[in-house]
Every structure is written in C-alpha cells, then in structure tokens.
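What follows is a single structure, written as structure tokens, with notes after it.
Laboratory data are not the source of any read-out in this text; all were calculated from the coordinates shown. Since we're looking at a predicted model, the values are computed, not measured. Positions of Cβ are generated from backbone atoms using ideal geometry, with glycine treated the same way; all protein chains shown enter the neighbour counts.
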Amino acid sequence: MKRKLTITAFLLALTAWLAVAVYGYFQTDVATTSLTKVVVGYQKADPVDISRQRGELVKKMKAKGYKVVFKEFQDGAALMTALKSGSIDYARLGDTPPVVNQAAGMDLVYVGAGASKENGTGVLVKKGGNINSLADLKGKRIAYAKGKVDAWVTWDPYTATAQVNQNAKLLITAKGLAKNRDFVVATRKYAKENTTVTKLFLQYLGEDMTWANSHKSEVSTMLSKTLHLSKKITNLTVKRRSFAFSAVTSAIVKEQQTIADVFYQEGIIKKQINVGKALLQ
Amino acid sequence: MENVTTLRETRNSGIHINWHRLLPWVIPVVLIILWQVAVTAGWLDSQLIPSPLSVLEDGVTLWQTGELEKNVSISLFRATVGFAIGGSLGFVLGLMNGLSKVARGLTDTTIQMFRNIPHLSLIPLVIILLGIGESAKISLVCVGVLFPIYINTYSGIRGIDPELMEMGRAYGLNRRQLFSKIVFPGALPTILVGVRYALGVMWTTLIVAETISSNSGIGYMASNAQEFMDMDTVLLCIVIYALLGKLSDIIAKTLESLCLEWQEKGGANQ
C-alpha cells in the first residue's frame, strides 16, 4: 500500500517536472520562418536593445523581407566569438573590442557608430572623501567597490548607479578624452554580401535613435525595467547622453585610431593596425 | 522558503507531530530566521544583503511579471534534456566499459581525460561548434552529467563480487540472465548514487551554460542581477537553486528506495 502511494507520488512529481520542462521548451525562441534571418548580438540597454524593445525596427525589416532576431550577450568577448563563428551577423560593441580583435587578425568591418557617451563615462570617487581633483588620485587605488578602493573608472549605467545609490561623485567625465561610442560591426564577408541589409538596419536603427532623443522619459522607463534600476538612475543616464546611429565618419575612424595607437604603445595589442582598413570600401 | 513553511503547517495539522520529519528543516529555518533578524537589527547592510522578506517580495514581483516562471521553466527544460542525453550516454558507456575489456581499453583513457576539463573552459569551443542556441547550453549539461553516471555505472559493474558471478554460472545462468539477475541488480545501488550526484551537477553546469548569450534561465537571471547589484534577485536565484537541488534529491532518493527495496527486505546485502 505504502509502496503504491510512493510510486504514485513519484510518477506525479515526474510528470509535473516534465510538464514544466515542456512548457519551458515553448518559452525558448526556436522560431522558424521563411524570411531571411538577420541575427543581431547586443548587450543589455544598448541602442540595439532600445530598438529591440521599441519594436519598430523589427516591423520595418519584416516589411522588407528580413526577420531580425536579437541575441543578448554579457560581454564583448562572447559577442566577438559568436560573430567569428557566424552565430550572429551584427554585433553591437563598445569602442575597444573592435580594436583588440582587429589587432588579433580578425577581418571585421565597422558598419555603424553611435553618439558620444562621454558625459556618462568618468572617474568616480567617494562623496565627501578627500579626493577633489585628478592630481589627488596619485598613489591611490583605482577601481571601486564599497570603500575598498579610492576611485573607480566606469561608464553608464554603472556611473549613475554609483552616484545615486553608493554615495559616489563624478570626479571627471571623459569629455575631451574618449567618446566611448557604441559600434555595430560585422565580418567583412557578411558585410560585403549583405550591403542592403546593412543599409536598412543602419537606417532603421538611426530612426529609432532619433525617436529615443525626443522620447527620453519613455527610454528611461524602458531602461529602468530592463536593468531593474530605479528611474532616478536611468533618468540621470538618459539625460546626459544623446542617441544617434549612422555610418562611420573619418573623424570616428581617427578616434578609433587613437585608441589603437595608445593600446599599441601600452602593449595591450601586439600589432599596429590601421582602423581605416576595417571599413567596407 | 515557502515550501518550508507549508511543509511545517501540513505536518503540524496532523494528529501528532513527527519530530523526525521536522528535524531536517530545523537548520534551514533557523538560518533564515537568523538572516532576517540580522538584517532587521542592522548587523548586515540591507543594501548588500537584503532580508529574506524582501527576497520573497522580489520573487512575488518577478512571478507577477511572468519572468520567474519563464526562466525557471526554461532552465528546467534545458536541465532535463541535458540530463536525459548525457545520462543515457554515460550509462551506455559505463555499461560497455564495465562489461567489455576491449571497449574499456579503447575509451576509458579518453573519457578520463575529458572528465577533468573545467566546463567553463569549454565555453568558447561550444560557441564555435554549436553556436549560441539551446543546443550549446544543453550540450554543456550533457557533458556535466555524463561523467558521474559513467563512473558509477562502470565501477558498480566492476565491483560485482566475482564469487556471485561464479555461483550464477554454477546455476547454469546464461550471459543475459547473468546480467539481469546479478550484474545489473548488483550495480544498481552504485548507479543510483551516480544519478543522485549527476542531478546536482546538472544544476551547477546549467548556471555556467546559461551565461552563454542567454536571455533566459535562472543562471541568466542571477548573472544579470549581479551585474546591476540587484541583490534581491541574486539571493532569490540562490534560494531557487537550493530548492531545485533539494527537489532533485528527493526524486533521486525516492527512485532509490523504490528500486532497492529488495535490499531492505533482507536481500543480498544483509
């Protein structure tokens, strides 16, 4: 009798387990479609993420016969690996991964560039501490985690989070030092074969960014939901930046070249590179 | 945590309190109470370590937005499929190598080499070979559960008392009967230990797997929350892992007690 009860309970538990697992399968995105698939890798709360959540880009691309699939990544390194292996077609990266990977011999091309984010990037110090200028930083430990170090170099939304939640103040922003732009890159092979996709994608992404500029409070709400951060933080982030996405200009190539040259001098990359070569021409 | 309280309630509402059944839950409950007290009293910074209550609230909010059920069910899907594939592979390999000298000579060294590779180091390789979809995550879980089941099946079969085998032969059992009457039942306790261990490994590998370009799963939820110092969710994920681990263990234990009843009834091991 007891054995029967145990067996019944066991089978019930097993069935419930499997039912939830099957439900889980339908929650994953393994959708199939007849449209041409374009896979875009992004990182949380970046311009591509804003575009994804707004949904206009997907609709417009669909009208042109493309199915855009978004894949979220935790960092630039994983994005690059995925781009190399062909798992994604476009990757949204910061300013340094393209430089590092070009130096490592990857045949990538810059497809588009975002607006400067220099106001949200900078050096943070503890509010009320004794560091009031860059000169005071001499001999201090840089990085930052609850009082363990003296200064922290980071970018939004981390900067804003620290300012709002962790009693930090922005000692200096990256203004005039680094633009900290977003980039969309692709492999040269893909970019060459899909110039139309690139053109459309960039155009629609740009349109979404124009929308973001005129709807900052909506964007702030969006970011606050995705990042589970308070509106106070995302308001600060959104307020001090502007959104844009367009083709890479020669001025932007120059900025990237500066980063590459500094990296080479410091030994971070082992090869001198010409950023201008990482364009589709 | 919810489970803890409901379990207590149902048992308390019985005619008499069965202390032995309550005993396992004493430490978890005391720990949670201590944790709550420490936060309320201000011994712990509630910014860094939120209280159990706020973790529970966070769970309720995430449940209401649908995020929690989505992520838990997706994780369960990945874990189950990975376990089924990896477990069967491990079992078949263990069986083969336990029974055949040739198979053992051919594959054991290779398997042992693969066994000690840290799963984290496989991620770049997995992304290149399998991409970033579900198959990549599932295959990592497979790799994780394969080895505990393999090793235990293998050593369970190798550990059969040769005298028992000889007795079987003396009784005139053929090869198939030897396997079903002596080898398999004899190896079963060890195999089930492997299953139990593999169920644990299944969850730990899944966290690693869910950091590959993921936008779903409990592992994703945790690493994403950590990135933004959302400690409520981080702790919630830890509690969920603990509960899922316990659930897997209960299932494995029940399976054990069902399969090994003959032992308690005064079978071979007595």
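Which of the aspartates and glutamates could be linked to B:LYS253 by a straight reach, that is with a Cα gap under 19 Å, when you skip same-chain ones fewer than 8 residues away?
Of all the aspartates and glutamates, those that pass the test against B:LYS253 - Cα under 19 Å, at least 8 places apart if same chain - are B:GLU261, B:GLU264.
Once you have the Kirkwood Rh of region A:182-245 from its Cα pairs, apply Stokes-Einstein at 4 °C and 1.567 mPa s and quote D in µm²/s.
Translational D for this selection: 97 µm²/s.
Under 18 Å Cα-Cα from B:LYS246, which aspartates and glutamates qualify once same-chain neighbours fewer than 8 residues away are excluded?
B:GLU2, B:GLU256
Which whole-number percent of Cα pairs in chain B have a distance greater than 26 Å?
I get 56 percent for the Cα pairs in chain B exceeding 26 Å.
Starting from the 7 Å offset along Cα-to-Cβ, what nm value, one decimal, do you get for the label separation of A:ALA19 and A:LYS189?
4.7 nm
Please go through the residue pairs A:LYS189/B:LYS70; A:LYS71/A:LYS231; A:LYS37/A:LYS277 and name each one whose alpha carbons sit more than 32 Å apart in this structure.
A:LYS189/B:LYS70
Distance cut-off 20 Å, Cα to Cα: go down the list A:LYS4/B:LYS181; A:LYS67/A:LYS199; A:LYS64/A:LYS225; A:LYS127/A:LYS216 and report the pairs above it.
A:LYS4/B:LYS181; A:LYS64/A:LYS225; A:LYS127/A:LYS216
Could you put B:THR211, A:THR159 in order, starting from the residue whose Cβ has the fewest other Cβ atoms within 10 Å?
B:THR211, A:THR159
Between region A:190-259 and region A:2-28, what's the alpha-carbon centroid distance in Å?
About 45 Å separates the Cα centre of region A:190-259 from the one of region A:2-28.
Past the 25 Å Cα-Cα mark, which pairs from A:LYS84/A:LYS175; A:LYS179/A:LYS271; A:LYS138/A:LYS254?
A:LYS84/A:LYS175; A:LYS138/A:LYS254
I need B:THR254, A:THR161 ordered by Cβ neighbour count within 10 Å, fewest first.
B:THR254, A:THR161
What does the charge count around B:ASN224 come to, taking other residues whose C-beta lies under 11 Å from its C-beta (Lys +1, Arg +1, Asp -1, Glu -1)?
Residues near B:ASN224 contribute -4 overall.
Mind checking the mean number of beta-carbon atoms from other chains within 10 Å of the Cβ atoms in B:126-134?
5
Net charge near A:LYS239, counting Lys/Arg +1 and Asp/Glu -1 over other residues with Cβ under 15 Å of its Cβ?
Local net charge: +3.
Hey, could you pull the Cα Rg and Dmax for the protein assembly as shown, both in Å?
Values for the protein assembly as shown (Cα only, Rg and Dmax): 28.3, 91 Å.
Give the order of B:LEU192, A:LEU177, B:LEU76, A:LEU79 when sorted by the count of other beta carbons within 10 angstrom, beginning with the fewest.
Taking fewest neighbouring Cβ atoms as first place, the list is A:LEU177, B:LEU192, B:LEU76, A:LEU79.
What does the charge add up to near B:TYR197, with Lys and Arg as +1, Asp and Glu as -1, over the other residues with Cβ less than 14 Å from its Cβ?
In short, +1.
Compute the distance in nm between two label points, each set 7 Å from the Cα along the Cα-to-Cβ direction, one at B:LYS101 and one at A:LEU35.
6.3 nm
Rounded to two decimals, what is Rg over Rh for region A:2-92 when you use alpha-carbon atoms and the Kirkwood radius?
1.24
Semi-axes of the equivalent ellipsoid for region B:98-242, please: Cα gyration tensor eigenvalues, times 5, square-rooted, ordered largest first, whole Å.
So the equivalent ellipsoid measures 41, 18, 10 Å along its semi-axes.
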